[in-house]
1. Consider only pairs whose beta carbons are under 6 Å apart and that are at least six residues apart or on different chains; among these, list those whose first residue lies in the range 1-17 and is on the phi < 0 side of the Ramachandran plot and modelled with pLDDT of 75 or more and whose second residue is exposed (fewer than 11 other Cβ atoms within 10 Å of the Cβ) and part of a strand (DSSP E or B).
2. Could you go through the range 31-40 and let me know if any residue there is closer than 25 Å to residue 117 by Cα, under 21 Å from the mean Cα position of the chain (by Cα) and not in a strand (DSSP E or B).
3. Filter the range 49-76 down to the residues that are surrounded by 14 or more Cβ atoms within 10 Å (Cβ to Cβ) and either in contact with a helix residue (DSSP H, G or I) (Cβ under 7 Å, 6 or more places away or on another chain) or part of a strand (DSSP E or B) (or both) and list them by number.
4. Only one of 120, 158 is at pLDDT below 80 and touching a strand residue (DSSP E or B) at 6+ places or on another chain (Cβ under 9 Å); which?
5. Looking at the structure I just gave you, is residue 46 at pLDDT below 80 and either under 24 Å from residue 127 (Cβ atoms) or assigned to a loop (DSSP other than H, G, I, E, B) (or both)?
6. Somewhere in the range 83-90, is a residue farther than 18 Å from residue 29 by Cα and either assigned to a strand (DSSP E or B) or modelled with pLDDT of 80 or more (or both)?
């Protein structure tokens, strides 16, 4: 059995930003089984990118007093089966480069054969403002309030059975 990846990347891989549960997979066989990412995030302002951004006289308040905050139940069952191929397989990939500005949550780039199963990310976010991207953005005299009074906040029940079968290629 002859199986191989012939990857020619003459440039490079340039990534500006990757979020949770993201990936770049390069290879003959990329298998991602049972990914999980759970959480709660409180952000005030968030990310600021670019050049010459101005935030002036802003008041940001996030008040999140929960009695129970983000209970997570993530009892996954991950099963993976592989049936090997007996055929000759050659994969040729020629790229000048890979440029990625932003990979969001639960995103991936695969070069070569890729199989993904069970990729999940549950998230509860309280964000005031969010991301400010670009050049020469200005924000003057803003008032941002987020009042999130929950008895129980962001219940995440993610009990999965994830089965991946990597079948023989024909």
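The values are calculated or read from the model by the stated rules, or taken from the named source; none is laboratory data. Keep in mind that what you see is a predicted model, and the values were worked out from it rather than measured. In this analysis, Cβ positions are derived from the backbone assuming ideal geometry, glycine residues included, and neighbour counts consider all displayed protein chains.
1. Close Cβ pairs (under 6 Å, with a partner that is exposed (fewer than 11 other Cβ atoms within 10 Å of the Cβ) and part of a strand (DSSP E or B)) amount to 6/92; 8/94.
2. yes
3. Hits for the range 49-76 are 55, 60, 62, 69, 72.
4. One residue alone meets the criteria, 120.
5. Against the criterion (at pLDDT below 80 and either under 24 Å from residue 127 (Cβ atoms) or assigned to a loop (DSSP other than H, G, I, E, B) (or both)), residue 46 qualifies.
6. Within the range 83-90, not a single residue is farther than 18 Å from residue 29 by Cα and either assigned to a strand (DSSP E or B) or modelled with pLDDT of 80 or more (or both).
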